[in-house]
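Okay, so here's the structure we're looking at.
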Amino acid sequence: MSSAILRSRLASVFLKHRRRLLSSNVVSGAPKEPLAPSSATAGTPLPPPPNTATTATASTDPPGVFNADTTSSNKPWRFLKYGLIGALTGASATAGYASYAYTFDEIDEKTRALRSSVDFSLKEDASTFDNVKGLLHSAAMIVPAKAIELYLDMRRLIEEQVQSFAEPYAEKLLPDLHPAERHVFTLVLDLQETLIHYDWTREKGWQTLKRPGVDAFLEHLAQFYEIVVYSDEQSMFVDPVVERLDPKHCIRYRLSKGATKYQNGKHYRDLSKLNRDPGKILYLSGHALEGCLQPENCVPVKPWKQHDANDTALLDFIPFLEFVARTSPPDIRPVLASYQGCEIPTEFIRRSKDYQRRMQEQKQQGRFWRR
């Protein structure tokens, strides 16, 4: 009897446990519904649950669609931003073209009337309309006039800075001549490929070699000329080279890159800044016509390389230069122009021989008439 009761109780517990498992699986898989309040009757219908997708769609705009209010509020700022960018671009382009096409003085002259129109004063004899019109025009021209004045000030400052680097460091590169030496000619010499040649090799590095005959050339012509070295190299290079090149101090002055004029990307010798008579200056260089602003004073000489050990170009120039110093022509420039296109030493020797031959013929003719 007791065993039958035990089996019936175990069977009822097993069935209850199985129903719980089945009911939990079914409920977990079905969507949960909100609980109705206790006061609600069974016949009252429940409100539908809110649709999450519909709510999200109604609250947010689809991608790529902007709010009309936000877009309209940003339009003035965008217009102001692009207007400022356009104004700055136009002003920069105008300033660049004006800097390229016109000089400072031309722009100053062309804009003087516009800048003066800002200073408007009321006139008693003018009508009210004219005075108002003048005031409005003056107010409208304030910004352009101030912009032009700012441009002119900046350009003046920039040109002054550039001028300090492009021009020689002084208007008079050499001191005044002694009154007793006013008749003396000035012989300006270049360094590179004229008196020396410097080169770099992998085996020996930098080498500075002296041109053959340079010692005799300097010592002899120092008796007749004021010798000046004018180089486009830095002074830290020119000074030690000249000291070793000229132990007897035949060279009076030395000028380096700071005394040259920077023009078109190159440094030129400006002989007009030497504080000497232009008719008494000779510039002797292996690149005379390429590195000087006064070609009428140039005396070209053959450029020298270190491999030419038998060079005699400097010694060949001694007769011509000594003749110029002794005869002292009033202006050397026509004399040099007569040698244009010729090798001066060779042409000078030919002219000297012709002169001696003519003089010999005249002497012979004089002797003939005496007989």
Practice task
Would you pull out the residues with amide H under 5 Å of TYR198's amide H, same chain only if 5 or more places away, H placed 1.01 Å from N?
Solution key: GLU193, LEU209
Practice task
Would you mind telling me the antiparallel percentage of the DSSP bridges in the range 179-340, rounded to 5?
Solution key: 35
Practice task
Please find the FRET efficiency linking LYS146 to MET236, where r is the Cβ-Cβ separation and R0 is fixed at 41 Å, and quote it to the nearest 0.05.
Solution key: 0.35
Problem - Against the rule of thumb 2.2 N^0.38 Å, how large the Cα Rg of the range 135-264 comes out - result: 1.69
Exercise for the section: Taking 7 Å along the Cα-to-C-beta vector as the label spot, tell me the ASP277-LYS261 distance in nanometres, rounded to one decimal. Expected result: 2.2
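Take the Cβ-Cβ distance between ALA337 and ALA91 as r, set R0 to 56 Å, and report the resulting FRET efficiency rounded to the nearest 0.05.
Details: r = 51 Å, r/R0 = 0.91.
The computed FRET efficiency comes out at 0.65.
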Problem - Extension gain from GLU243 to LYS133, taking 0.36 nm per residue of separation minus the Cα-Cα distance - result: 32.2 nm
Problem - Full-stretch length increase - GLU109, MET359 - with 0.36 nm per residue and alpha-carbon distance subtracted - result: 83.6 nm
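First measure r as the distance between the Cβ atoms of ARG351 and GLN306, then evaluate 1/(1 + (r/R0)^6) with R0 = 41 Å and state the FRET efficiency to the nearest 0.05.
0.80
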Completion exercise
By Cβ neighbour count within 10 Å, fewest first, TYR268, TYR225 rank TYR268, TYR225
Completion exercise
For PHE79 and GLN223, extending 7 Å from Cα along the Cα-Cβ vector and measuring point to point gives, in nm, a value of 9.1
Completion exercise
Expected unfolding gain across SER116-LEU177 under the 0.36 nm per residue rule, minus the alpha-carbon gap, is 17.0 nm
Practice task
Rounded, prolate or oblate: pick one for the range 179-340, where a ≥ b ≥ c are the square roots of the eigenvalues of its C-alpha gyration tensor, a/c under 1.5 means rounded, and failing that, prolate if a/b is larger than b/c, else oblate.
Solution key: prolate
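Read-outs throughout are calculated quantities, based only on the coordinates presented, and are distinct from any laboratory measurement. If you're wondering where the values come from, they're calculated on a predicted model, not measured in any experiment. Cβ sites come from the backbone with ideal geometry, for glycine too, and all protein chains shown count toward neighbours.
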